[in-house]
Amino acid sequence: MDITITPGRLSGTVTAIPSKSQAHRLLICAAFADAPTQLHCPDTNRDIEATADCLNALGAVITRTETGYRAEPIRKVPVSATLNCCESGSTLRFMLPIAGALGVNATFRMEGRLPQRPLSPLWEEMERMGCTLTRPSPDTIRCQGKLKSGAYSISGSVSSQFITGLLFAQSLIPGKSHLEVTGKIESAPYIDMTRRAMELFCAPKYHSPGAIQVEGDWSNGAFFLAAKALGNDIEVENLNPESPQGDRAAARILPLLKQFTTVDAADIPDLVPILAITAGAKSGAAFHNIQRLRIKESDRVASTIAMIEALGGKAEATEDTLTVWGTGYTGGTVHAQNDHRIAMSAAIAATVCSGPVTILGAEAVQKSYPKFWDEYRRLGGNYEQYLR
């Protein structure tokens, strides 16, 4: 699906959709609880559905309701299972250690760029602690054996998702275990989010709270916060300023972009495309610690630069830094590169372009924000849609 946007201002109020980062974690906790749990999560997406489907494959019964999900916990663990992670890195990196902790002979299926995204050093640590991992094909992983209790150690420099996966796994393994995280921890706030979710369920006993609400998502709310920073008459509701979500940093960083500034991207890789777009329409910015952007749904360093240049802006990168100049935008054609955050960033940029913006592969928003285009139109966005 391609979309061509006629530039114009947006106006109205947006209710932030539920946080997929928190939804992943709460669904996993609910799957191991002592009673059913109702999750208030009125909006869903492909990534959340992937985690729900994988938990169902392991014996849970997670069903969609009018207001969210009903999760009936796992009562009997299957001997073998096939888990389809679609394109969700969170799902794969959380569920792989969980399957290992349960001793399930599990086959994981992956789509898009997910097979190319790193699993080391999680892979090696799982093998050291009792599992055998293989790649029967480029888009599948097989996990056999069972993780044992003991002293685990993993570098925090690649992905906090590895740490989350091992924290869940250790809570399910009989006996005492300890996790040592070495080196610099990337996206540390998301580890705090995991611990808070587990505390809500009193892990490792996993006592169901009965009903729980998934809080609003700062990652996707940031697109409309950026629209407001660019002069659109937008208000965003349902964002908790005390949230453990690392991307609540958007509220702090966006006002700084009134002048050229430097931004540490180590804990906020998902925010970089929309912050970069905002900086290009204002006074520019330099984003440091960008290495992990290269291993997202797209190479987000390359796709962010391509987007900015396609719209008439200027950006360049070194190994560690993405620099954007405050040149403003004229419009143009952006390829979303199957990356939801590139598609949505280009749409927000269109509100300050002098000419039309065409987004190729605009359906990429399905990964995290399926109703984004409906919201964009409701707020006054003017676009034509073309099906390929």
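Considering each residue of segment 15-37, count those that are over 25 Å from Gly59 (Cβ atoms) and crowded, with 24+ Cβ neighbours inside 10 Å, and give that number.
2
Have a look at Leu257, Leu230 and point out the one that is surrounded by fewer than 21 Cβ atoms within 10 Å (Cβ to Cβ), more than 20 Å from the chain's Cα centre (by Cα) and modelled with pLDDT of 95 or more.
Leu230
Evaluate the following for Leu293: is it under 17 Å from Asp264 (Cβ atoms) and in a helix (DSSP H, G or I)?
yes
Criterion first (more than 19 Å from the chain's Cα centre (by Cα), over 15 Å from Asp2 (Cβ atoms) and of a type outside the set (D, E, K, R)) does Val324 satisfy it?
So Val324 passes the test.
Report, ordered by the first and then the second residue, all pairs with beta carbons closer than 7 Å, sequence separation of six or more or different chains, a first member in segment 172-199 that is of a type in the set (S, T, N, Q), and a second member that is not in a helix (DSSP H, G or I).
Cβ pairs passing all conditions: Ser177/Ser149; Ser177/Gly150; Ser177/Tyr152; Thr182/Ser153; Thr182/Ser155; Thr182/Gly156; Ser187/Asp267.
Inspect all residues belonging to segment 303-316 and state whether any of them is part of a strand (DSSP E or B), touching a residue at least 24 places away in the same chain (Cβ under 8 Å), surrounded by fewer than 18 Cβ atoms within 10 Å (Cβ to Cβ) and in the same structural domain as Ala350 (by TED's automatic domain parsing).
yes
Could you look through segment 327-383, keep only residues that are polar (S, T, N, Q) and touching a residue at least 60 places away in the same chain (Cβ under 8 Å), and pick out the one that is surrounded by the fewest Cβ atoms within 10 Å (Cβ to Cβ)?
Applying the filter and picking the extreme gives Ser354.
Out of the residues in segment 334-350 that are in a helix (DSSP H, G or I) and among the small types (Gly, Ala, Ser), which is farthest from Arg9 (Cα to Cα)?
Applying the filter and picking the extreme gives Ala343.
Looking at Ser153, Ser137, Ser159, can you tell me which residue is farther than 25 Å from Cys86 by Cβ and of a type in the set (S, T, N, Q)?
Ser153
If a residue has to be surrounded by fewer than 17 Cβ atoms within 10 Å (Cβ to Cβ) and hydrophobic (A, V, I, L, M, F, W, C) to count, how many in segment 124-156 make the cut?
So the answer is 1.
Name the single residue, out of those in segment 342-374 being charged (D, E, K, R) and either over 19 Å from Asn220 (Cα atoms) or at pLDDT 95 or above (or both), that is farthest from the chain's Cα centre (by Cα).
Among them, the one singled out is Asp374.
The values are calculated or read from the model by the stated rules, or taken from the named source; none is laboratory data. Keep in mind that what you see is a predicted model, and the values were worked out from it rather than measured. Cβ coordinates were reconstructed from backbone atoms using ideal geometry, including for glycine residues, and neighbour counts include every protein chain displayed.
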